[in-house]
1. Would you confirm whether or not the stretch 41-55 contains a residue that is under 17 Å from residue 87 (Cα atoms), free of Cβ contacts under 8 Å to residues at least 12 places away in the same chain and aromatic (Phe, Trp, Tyr)?
2. Taking the stretch 162-212 as the search range and keeping residues that are part of a helix (DSSP H, G or I), among the hydroxyl-bearing types (Ser, Thr, Tyr) and within 16 Å of the ligand (Cβ to nearest atom), which one is farthest from residue 53 (Cα to Cα)?
3. Of the conditions (1) touching a Lys or Arg at 6+ places or on another chain (Cβ under 9 Å); (2) polar (S, T, N, Q); (3) more than 23 Å from residue 78 (Cβ to Cβ); (4) crowded, with 18+ Cβ neighbours inside 10 Å, residue 38 fails just one. Which one is it?
4. When you scan the stretch 124-160, how many residues do you find that are under 25 Å from residue 52 (Cβ atoms), of a type outside the set (A, V, I, L, M, F, W, C) and not in a loop (DSSP other than H, G, I, E, B)?
5. Can you tell me which residue in the stretch 53-62 is farthest from the ligand (Cβ to nearest atom), limited to those that are buried (at least 16 other Cβ atoms within 10 Å of the Cβ) and in a helix (DSSP H, G or I)?
6. Is one or more of the residues making up the stretch 130-137 in contact with a Lys or Arg (Cβ under 6 Å, 6 or more places away or on another chain) and at pLDDT 90 or above?
7. May I ask you to list the residues in the stretch 2-27 that are under 14 Å from residue 204 (Cβ atoms) and away from the ligand (no atom under 11 Å from the Cβ)?
8. So, residue 35, is that one within 13 Å of the ligand (Cβ to nearest atom) and not aromatic (Phe, Trp, Tyr) or not?
Amino acid sequence: MRWILLGAPGSGKGTQADLLKEKYGVAHISTGDILRRNLKDKTGLGLEAEGYMNKGALVPDELVVRMVSERLRERDVEKGFLLDGFPRTIQQAEALDVILSEIRQSLDGVLLFEIDEEALIRRLSNRRTCSSCGKIWNLLTIESPQSACPACGGELYQREDDTESVIRNRLKVYHEQTAPLIAWYEEKGILREIDASMSPAETFLEIEAALA
Ligand code: AMP
């Protein structure tokens, strides 16, 4: 299983990647998660990326391509991978083709997560992550108390780039720089559209049908 999960921020790529990883044991490669980890650990890469991430802008292609190139050469990737949040530009997609030919792998396809913009903003502004187990939750769908993770009781926090003004910028960046990838992969005949407006469980069923 070697798929790209493509879609706007908040369309549910991370949630579905977690479910797919759990079921199929493939590597979940989220460039956003790798960058946030670097930011937290104050690495050189994290410090370079911080300014872009806080504004909701894209981190330069060169940095993310290097990061993904290293990650795709790790052992666990042999069982398959899900790329979540990469590629985000045509240049990154071209670089990915080169990396995949170097490691003698090919893509099975691209899942496009489709959902309207108002729903995205609602989801993103209510999104919380558990500081302990890393699970992603939505305040609109979990029971109270809302400050605790329903899975492990850990403390929930809001991502710094999930505030309204940064969200709007991230969506603008998605339309301008990432959406051109839809036509790019459509032309290659490997794009599968997923209705991402439903519940995680329903979306997962649709994805499984698309993978089959
Ligand atoms: P995400 O968690 O995928 O929404 O990513 C959070 C932030 O990390 C984005 O708003 C970008 O600043 C940065 N980022 C993640 N993936 C990429 C990428 N493929 N190219 C450039 N920047 C990225």
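1. yes
2. Residues of the stretch 162-212 part of a helix (DSSP H, G or I): 162, 164-178, 180-187, 200-211.
Subset that is among the hydroxyl-bearing types (Ser, Thr, Tyr): 165, 174, 178, 185, 203.
Applying the additional criterion that residues be within 16 Å of the ligand (Cβ to nearest atom) yields 165, 174, 178, 185.
On the way: 165: 13, 174: 13, 178: 16, 185: 26 Å.
Across the stretch 162-212, the extreme among qualifying residues is 185.
3. If we test residue 38 against (1) touching a Lys or Arg at 6+ places or on another chain (Cβ under 9 Å); (2) polar (S, T, N, Q); (3) more than 23 Å from residue 78 (Cβ to Cβ); (4) crowded, with 18+ Cβ neighbours inside 10 Å, just (1) comes out false.
4. Residues that pass the stated criteria total 6.
5. 61
6. Yes, there is a match, as at least one residue in the stretch 130-137 is in contact with a Lys or Arg (Cβ under 6 Å, 6 or more places away or on another chain) and at pLDDT 90 or above.
7. 3, 12, 15, 16, 18, 19, 20, 21, 22, 23, 24
8. Considered against the rule, which asks whether it is within 13 Å of the ligand (Cβ to nearest atom) and not aromatic (Phe, Trp, Tyr), residue 35 comes out as yes.
The values are calculated or read from the model by the stated rules, or taken from the named source; none is laboratory data. Computed from a predicted model, the values in this text were never measured in an experiment. Every residue, glycine among them, receives a Cβ derived from its backbone with ideal geometry; neighbour counts consider all protein chains shown.
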